[in-house]
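Below is one structure, written out as structure tokens, with a few remarks after it.
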Amino acid sequence: MKVSGNYVFDFIDQEQLREVLAEGVFSSLPLRDVRGFLVTDDASDTAASAEKYGIDLEDCANTIVVRFRRDAQVHHAAVVVLGARRIDVNGALKAALRAQRISFADREFVLSATGMEYGGITVFGLPADWTVVVDTLVMERSEIVMGAGIRGAKLVLAPGVLSGLPNVLVAPVSM
């Protein structure tokens, strides 16, 4: 067990992380800056893991994928928002992406395109042409807990790590 900020987690080492995560997710992790821990399937959803592991929802980050049209082309974006907040999809997010139309992406498409599990989507290992939108409130936290691409693990990192991702846009998109 290791203390991380206000929490105590049973972090797994990098080799164990490599064994449980999809290759695309693991290979895109900045390993110096990201740690992982295993969770039980009943605690993989944000609210359940927050309750079971004593994590404040304001320190949990969800990744939601949207599909949008801009300049007559279809695009996808992964949106990172705190667990206690909702995305202002048709207002702030639509404006930030300069989208003409926007909706939540089809679940089967997301799973197929990312190779990740539903309930564990993360921003690491996404298709290279996807935009990553990080809500400004996420960036105000000292540390966040987010999905790891599988339901059985979570990642812990400083939100500044997200700034280093390709195609990242930090914008106020939650309400």
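Readers should treat all values here as calculations from the given coordinates under stated rules, not as data from a laboratory. Fair warning: this is a prediction, and the values are worked out from it, not measured in the lab. For neighbour counting, all protein chains shown are included, and Cβ atoms are generated from backbone atoms with ideal geometry for every residue, glycine included.
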(request) For the range 32-175, list log₁₀ I(q)/I(0) at each q in 0.14, 0.15 Å⁻¹, using the Debye formula over Cα point scatterers of equal strength and ignoring solvent, two decimals each. (result) -0.60, -0.70
(request) Go ahead and set up a Gaussian network model of the chain, Cα springs under 10 Å, then flag whichever of Asp45, Asp56, Asp13 fluctuates most. (result) Asp13
(request) Would you mind working out the magnitude of the charge dipole of the chain relative to its Cα centre, with +1 at each Lys and Arg C-beta and -1 at each Asp and Glu C-beta, to the nearest 20 Debye? (result) 640
(request) Would you tally the net charge around Ala78, using a Cβ to Cβ cut-off of less than 15 Å, leaving Ala78 out, and scoring K and R as +1, D and E as -1? (result) -2
(message) I'd like the antiparallel share, as a percent to the nearest 5, of DSSP beta bridges with both residues in the chain.
(response) 75
(request) Quickly work out the Phe11-to-Ser27 label distance, labels modelled 7 Å from Cα along the C-beta direction, and quote it in nm with one decimal. (result) 2.5
(request) Describe numerically, in nm with one decimal, the distance between label points set 7 Å from Cα along Cα→Cβ at Ser142 and at Phe109. (result) 4.1
(request) Could you work out how far the C-alpha centroid of the range 93-161 sits from that of the range 56-80, in angstrom? (result) 6
(message) Nearest 500 deg cm²/dmol is fine: what mean residue ellipticity at 222 nm does the chain get from its DSSP H runs of n ≥ 4 alone, each adding -39,500 (n - 2.57), divided by its residue count?
(response) -4500 deg cm²/dmol
(request) With unit charges on the beta carbon (Lys/Arg positive, Asp/Glu negative), name the residue among Val132, Leu31, His75 whose Cα is farthest towards the positive pole of the charge dipole of the chain. (result) His75
(request) Give the relative contact order (percent, whole number) for the chain; include only Cα pairs under 8 Å separated by 6+ residues. (result) 27
